[in-house]
Every structure is written in C-alpha cells, then in structure tokens.
1. Tell me, please, whether a residue that is within 16 Å of the ligand (Cβ to nearest atom), touching a residue at least 60 places away in the same chain (Cβ under 8 Å) and either under 20 Å from Val658 (Cα atoms) or out of contact with any Asp or Glu (no Cβ under 8 Å at 6 or more places or on another chain) (or both) can be found in the range 139-160.
2. Are any of the residues in the range 149-167 at pLDDT 95 or above and in a helix (DSSP H, G or I)?
3. If you take the residues in the range 443-456 that are open to solvent by 10 Å² or more (accessible area, probe 1.4 Å) and closer than 27 Å to Glu812 by Cβ, which one is farthest from the ligand (Cβ to nearest atom)?
4. Looking at the range 392-424, which of its residues are within 15 Å of the ligand (Cβ to nearest atom), open to solvent by 10 Å² or more (accessible area, probe 1.4 Å) and either touching a helix residue (DSSP H, G or I) at 6+ places or on another chain (Cβ under 6 Å) or over 18 Å from Tyr378 (Cβ atoms) (or both)?
5. Looking at Val283, Val236, which one is more than 10 Å from the ligand (Cβ to nearest atom), open to solvent by less than 10 Å² (accessible area, probe 1.4 Å) and part of a helix (DSSP H, G or I)?
6. Only one residue in Ile230, Ile206 is touching a helix residue (DSSP H, G or I) at 6+ places or on another chain (Cβ under 8 Å), buried (at least 23 other Cβ atoms within 10 Å of the Cβ) and modelled with pLDDT of 95 or more, so which one is that?
7. Among the residues of the range 569-583, which ones are part of a helix (DSSP H, G or I), farther than 10 Å from Thr700 by Cβ and open to solvent by 10 Å² or more (accessible area, probe 1.4 Å)?
Amino acid sequence: MSTVAEIFQTMEYGPAPESDKEAVAWLGKHERVFGHYIGGAWTEPGQLFDVVNPSTSRAIARVTEGTKRDVDAAVSAAAGALPAWKGLTPHARARHLYALARGVQKHSRLLAVLEAMDNGKSIRETRDIDIPLVARHFHHHAGWAQLLDSEFVGYEAIGVVGQIIPWNFPLLMLSWKIAPALAAGNTIILKPAEFTPLSALCFAEIADAAGIPPGVINIVTGHGETGAAIVEHPDVDKIAFTGSTEVGRIIRRATAGSGKKLSLELGGKSPFIVYEDADLDSVVEGVVDAIWFNQGQVCCAGSRLLVQEGVAERLLAKLRARMERLRVGSPLDKAVDMGAIVAPVQLERIRGLVRQGVDEGATMWQPSWACPTEGYFYPPTLFTDVQPSSTIAQVEIFGPVLVTMTFRTPEESVALANNTPYGLAASVWTENINLALDIAPKIKAGVVWVNSTNLFDAASGFGGYRESGFGREGGREGMWEYLRRAVAGGRRATDDGRRTTGDHVMRGNAARRSSSRPSPAASRQPPVAHPPIDRTPKLFIGGKQTRPDQGYTRRIYGPGGELVGESPEGNRKDIRNAVEAAHAAAKSWSRSTGHNRGQILYYIAENLSARGEEFAGRIAAMTGCGSRQAAREVDASISRLFTYGAWADKYDGAVHSVPIRGVAIAMNEPIGVIGVVCANEYPLLGMISLVGPALATGNTTIVIPSEPHPLAATDFYSVLETSDVPSGVVNIVTGAKDGLAKVLAEHDDVEAVWYFGEREGVKMVELASASNMKRTWATWHERDWLDPEQGEGREFLRAATQVKNVWVPYGE
Ligand code: NDP
C-alpha cells in the first residue's frame, strides 16, 4: 500500500475505470445480436459477423451482413418515407432534429462507453469530444431545418441519400451525415463501418424513441460490398462518403453518369507548421492533440510536423519528454491518453509503414514504456531525418506516427506543406498573426487552424481540397450538399429527365441540319447577313492566337447548310498547352483583388457591347435563331458579365460562430484551373455564363466552346484581348467537344471540369475525373441560359469556389 505522501512523490495514477454496466446491459437486451434497422423496425438477423472490442480483442456483439436485398428494402423504406418527411414544415423537421439532439444528450454516457468499447478510443475523448459534438450537430441542424425556407430559397431536398461512414469517429460521422440530410428533408440509408456499427444501432433506437417516422433513417450494417450496393442502387439520389481516397475513387467511378450527387471526405497528410517564434510548450500540447488524439486515426491528423530549423532540436526534446509521459491503455480508464487501434489489419498497416520508414533511412523514436499486450495497441512514434519524398512523408499512416521535417523560410514551409496530393487540413503555429494569416491562404487545405488543431464544430464547414475530396460538412456550406435547385411550380429544370435536344455533337449533315433554337417562330425570322468567311479563327492560348497543333480546320455550317466559317480543330496537345498557360496565370489572377477582376469583367462587357451587332449576326448565322433572338443573347451576355463584375467583390465568406474564444473565418477561395466545356446551345451566352463566375472568383479557364457553333467564341477572344484580361486567364480550344473534355478531365493539373452536354459525356467526364479526384460539375439537363434564375448567381459562384475555414483563437 502506498501512502499519500508516496503518491504525491511518484505522481502515479491509479486506475480510474468507467463502468461498462449500462452498455453491457444494452447489448444484453439485444442478446448481442443485431439485424438492420429498416422502416422503423429491426429486421431478423441474417448472416452475422463479429464486432470486436479492440482493447481486449474479444467479440462483444454480432451484426448482420447487409445483402443487396437488405439494401433494396432500406432504399424502398426511405423512398416511401420521403414524400411525408419532405412535406413536413421546416418547423416540424426542426422539432425532430431537436428531439434527436436531446436523445443523444439523454443517453450520452451509454453512447460514450459503447463507442469506446467498439472503437478502442478513450472514454475521455468519446465523453468530452465525440458525443458532445454529436449533440451539437443535431442542435445546430435543427436550426437549419427551421430556417430552410428563408435561407435556401428555391432549393429542396435531393431525395433518398446513401451515406457510408468510417470507423474512426463512428457516431460523430453519423451525425455529420444524418443531421444535414434530415434538416434538408431527405431520407436516409446509412452504413456504418464493419468495425464499429454499435453506436449507429444504438442511435437507431434513440431516433425511434424520439419519434422519427419509420423509413426516414435506415441503418444497414455490413462490409464494403454492402456499401457498394448502396452506391450502385438506382433509387439513391445522393452518396455521401467518408473514408479512404482509394474507396472514394471507386465511388466516383461507380456513380459517374448516374446523376447522383456526390460528396467525398477522404484522406489527408496534414502539415503542422511551427515557426521559430511559436510558443513551444503550447506547440507540444498541440502536437499531442494533432497526432495522438484518437491514436492518430484522424483524417485531418497533423501527421507531418514541419519545424523551422532554429527551434527544431529544442522542440523535439520537449516532444520526446512529453511522449514519455503519455499513457496508453484501456479505453475505459479515464486517466488514459491513448486507447487501442481499431483492428489488427490497421495495426499491421501501421507496423508495416513504420518498418518501411526505418528501411528508407528515417530515424524512429518511441517512448521507453511498453504498451499493454492484450488488445491492439501501438505506442506514439516519432520519425526524424525524414525525406519529403519518402513513403512515410507521403502516405496516410492513420496511426500515432509523426514524421518531422525542417524548413528555413516561410516560402519553404508552404512548399513543403503543399507537397502532397491531399489537402484536408493544416495547423500554423506562430506568435506573429501577420505571418499566420499570410500563410493560411497559401496552404492547399480546407481547414487551417492557427495556434490550435483538430477543432471541429457544426457551424463550420469541414472538407478537403485536391485528393482529400470535395463537398463540405457542417455549417451553411454543408447544407448545400443535401439540397438541389427547385423550379417554381414543382418542375425542376435540372432533373426532370429531359435532355437537351437539337444540336449535340453532330458533324456534317447533322450539324448542318442542327439548330439550337428549334422554335418554329425563330425559323420564321428574316435571313441575316452573314459575316465574311475569309476570317481565320485560331485557338486562343496563353493570350496568343495560335494555330492548332494538328493543322486541321472544321467547316461550320448554318442551319440551311451554308458555310458560315471555319474553326480550328484542337487536340490533346493544344489542351496541354492551354493547361500550362492557365497554370502560369493562376497565381497572380487568384491573388488579384475582387475590385480588379470586377473591372475587367465590366470592361469585357463594354467591348462586347461595342461589337454587339456583329456578334448577333454571327450567332444568327450559325444557329438560325433569328436576329431578334440573337440580339437578346448578346444583351443577356453583356448583362451576365455585369452580374459577375458585380459579384467579384461581393461574394463574401463568413465568420462562423464557433464555441471557442475566437473566430472561424470561412473564405471562398478559387478552385484553380477549371476546364469549361460549354453547352451546344447559346454559343455566346452559354460560354459567358460559365466563364464569368469562374473569372470573378479568381479561377483561370480552358474553354471548349459550343461544338456546332464555335465561332462566337473565336470572335470573343479578340474582345478579351482588348479588355485587359491577363494572358492565360481564358484559353479557348475549339474542336470535338467530348474528345477535348476527356483530355481535360484526365489532366492531373486541372482542378475542376464543368461539362454541359449529353449523359454519355457526363459519365465520361466523371469517370476520368477520378484520377486526381478533381471536382466536376457535369450535367445533361436542359437549362434556359436566358433565364437569370437558371443561368447565373450563387449556384455558379459556389461551383467556382471552395471554402477554407481558418480558425483563429484569441486571448492570452
Ligand atoms: P474504407 O475507405 O475502406 O472504409 C470506409 C467505409 O466505406 C466503410 O464503411 C467501408 O466498409 C466502406 N466501403 C469499403 N469499400 C467500399 C466500396 N467499394 N463501396 C462503398 N463502400 C465501401 O477505409 P478502411 O476502413 O479500409 O481504412 C483504410 C484506410 O483508409 C485507413 O488506413 C486510412 O488511411 C483511411 N481512412 C480514412 C478515413 C478518413 O476519415 N479520411 C477514415 C477511415 C479510413 P467496411 O467498413 O466494411 O470496409
């Protein structure tokens, strides 16, 4: 027996176990065997698999492997429940979400214990972080449900939503998915990860007791195949996925061309950057929270420690001392810092990557104490002497392993930080706020934490850049992912199943017969004088008119088969040159002020207006739409340019009210280089409607104009030349639309592709985009470009930007 004096001397902890009694009783109530939760009831258990407690390696329950039939049943339950749920008043849905928040709070300890038993994470984290954030998420989204009609005017629920979540934050990820989906009026089928299904099943019971109508939330357990069945189900309208980039890529490909809306929250290799004036003691605690929180199994874990050279040794010494004192052990022990790794396969992955790090020449350090031998534990691990290109510096380890590199200057720190295909999060540590706020926008990441790390809140969107996925979860940003545009009278212009008719991708006779204005009234318009045919349109790349690489030209015919001009036939090489030019221009254009970009957009409008008649004549000659209609198109194009001139300095971000002493600044950042593949109809307006928002928000573009009517675009570059548009900001490559779009979609240096065409083309673009997980906005649905409600506004601006949330705590 130790005396109190001795305990004060050694400061040793005794065990402080949390009782598992309630959780065991809950499991017992279900005889530790679970079916799915579908249509408000439990299904009979089917083929079962074990759920294992990672800290004991013993099975604690068995759950059912979801089959295609189970998924069918869940989807049809969700579809059946949809009209009534969507038809509720926003206030009624708000009450339901509020009830869910209350339900989570009422059962918070049961959920916290169950989560710790199922996942292996410490009760300290589940009790103080996971579960409170879950409740907060439902509370926050009760608010969005209440405000839906006033804050999302013209938008409505998407329908049946399939949600697939990982094992690292089982209930928290569930809440990130379910709360916004319900608030927007969708119904749900959710699959928890095979390793951690229990809190989702417990939540189903809580939702039931809270009065959520049957079929609104359906939980189907199972492995990857069950997830795939949800992804492929034809009656699922949207997929929301969190997990590995590898599976994200599979899902991107599987949903290509299906019309399913998609949001992906994928992996990361987030930098944790320490400048020499940082408060190193705070940094040490920050590192603990960055990489040893949840055993490092965090998509946004600060897994790459980048330290300014002068303080590296001092920081590493402090870090090693702190690591000596970290405690790894039973997740239910309240005095433990780190619990167990979720499963043997993950433990093996961590071990393998650590071995590889050593083999590749890095120096590995672990504390002197040993981990428990029962269960799947792994000690906190530090690597030094790491090469930026080595495997452990590039690959997501998803375990408690920190790799360290040093840098000399802030520029070098940014280069190192961005030396990854990912872009989920970053931490910046310095006492110099000017430096922090200079660095934050330069890092390619969806979240930047200043002098802090791993801060999350329902009010602040979370999500990645680059191969970390797309879409945001949380806040207003996240709500958009579960809404789609509605059109007055209940008819949706974007998803009523009708396709664009008339002039799609036709050559020769077909092109000659084609007309983008099939209206009989239009064809009665008097013939229009054609512009001379001896002009030689070229491609427009890097601010220069260039001949196409392959030296072919396409003849462009009017509706009566008469020749109206010729356009160059661009190819793969021309696209590559255009991408290079767009990249060269991107840096300065993205940093130009909104005022400056606005001025240029107005100037383009001014110069277009001066040549309005000429453009109208060209449009009428190509499409046969009639001079009045052509003039309307030109006028609408000028007005649209004004719209985006106006938006350029007004598309503000937000300051989120997060529950810290500080602010989270949501900044709308340009996506980068966007491939803009225009609709065939409205050859001028269709193009300007896309180029306008892209430019206003600081992107550079490669434009593939209307295939049958490209001459409005080749005329347009001379307007650009006289309007102070910097070289490379707009590049125009005419030719075979889908062939060129494919090159753009496959190109690793293109960050987004917008495609307005046929369904096959949409599928091709979405499939090809998976290579670098570029953002796509691809649609085959008809759009009336003349109608400002459909042709301009926030929908376009949202597509042109990604939100970066910069968390800035304040106070001493
Ligand atoms: P996965 O991406 O495989 O799993 C995430 C979810 O997707 C699970 O529910 C999984 O089911 C499901 N799933 C798997 N395959 C498919 C498919 N083809 N179609 C639809 N759903 C599918 O992650 P893992 O659990 O395999 O972890 C592997 C690595 O991924 C980790 O080491 C880590 O690097 C990374 N990861 C990243 C996460 C993040 O938050 N960014 C979260 C989890 C992992 P099932 O559980 O049965 O596999």
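1. Looking for residues that are within 16 Å of the ligand (Cβ to nearest atom), touching a residue at least 60 places away in the same chain (Cβ under 8 Å) and either under 20 Å from Val658 (Cα atoms) or out of contact with any Asp or Glu (no Cβ under 8 Å at 6 or more places or on another chain) (or both), one finds none in the range 139-160, hence no.
2. So far as the range 149-167 goes, no, none of its residues is at pLDDT 95 or above and in a helix (DSSP H, G or I).
3. Asn451
4. Those that are within 15 Å of the ligand (Cβ to nearest atom), open to solvent by 10 Å² or more (accessible area, probe 1.4 Å) and either touching a helix residue (DSSP H, G or I) at 6+ places or on another chain (Cβ under 6 Å) or over 18 Å from Tyr378 (Cβ atoms) (or both): Gln394, Thr420, Pro421, Tyr422.
5. Numbers: Val236 fails: part of a helix (DSSP H, G or I).
Only one candidate qualifies: Val283.
6. Being touching a helix residue (DSSP H, G or I) at 6+ places or on another chain (Cβ under 8 Å), buried (at least 23 other Cβ atoms within 10 Å of the Cβ) and modelled with pLDDT of 95 or more holds for just one of Ile230, Ile206, which is Ile230.
7. Answer for the range 569-583, where residues must be part of a helix (DSSP H, G or I), farther than 10 Å from Thr700 by Cβ and open to solvent by 10 Å² or more (accessible area, probe 1.4 Å): Arg572, Lys573, Arg576, Asn577, Glu580.
Residues checked against (1) under 22 Å from Trp589 (Cα atoms); (2) more than 21 Å from the chain's Cα centre (by Cα); (3) free of Cβ contacts under 8 Å to residues at least 40 places away in the same chain; (4) surrounded by fewer than 24 Cβ atoms within 10 Å (Cβ to Cβ):
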residue: Lys650; (1), (2), (3), (4): yes, yes, no, yes
residue: Gly653; (1), (2), (3), (4): yes, no, no, yes
residue: Ser657; (1), (2), (3), (4): no, yes, no, yes
residue: Gly662; (1), (2), (3), (4): no, yes, no, yes
residue: Asn668; (1), (2), (3), (4): yes, no, no, yes
residue: Ile674; (1), (2), (3), (4): yes, no, no, no
residue: Tyr682; (1), (2), (3), (4): no, yes, no, no
residue: Met687; (1), (2), (3), (4): yes, yes, yes, no
residue: Val691; (1), (2), (3), (4): yes, yes, yes, no
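The values are calculated or read from the model by the stated rules, or taken from the named source; none is laboratory data. Source: prediction; values computed, not measured. All Cβ positions, even for glycine, are placed from backbone atoms using ideal geometry, and neighbour counts span all protein chains on display. Keep in mind that these areas ignore ligands, DNA and RNA; they rest on the heavy atoms of the full protein, side chains included. Shrake-Rupley method; radii C 1.70, N 1.55, O 1.52, S 1.80 Å.
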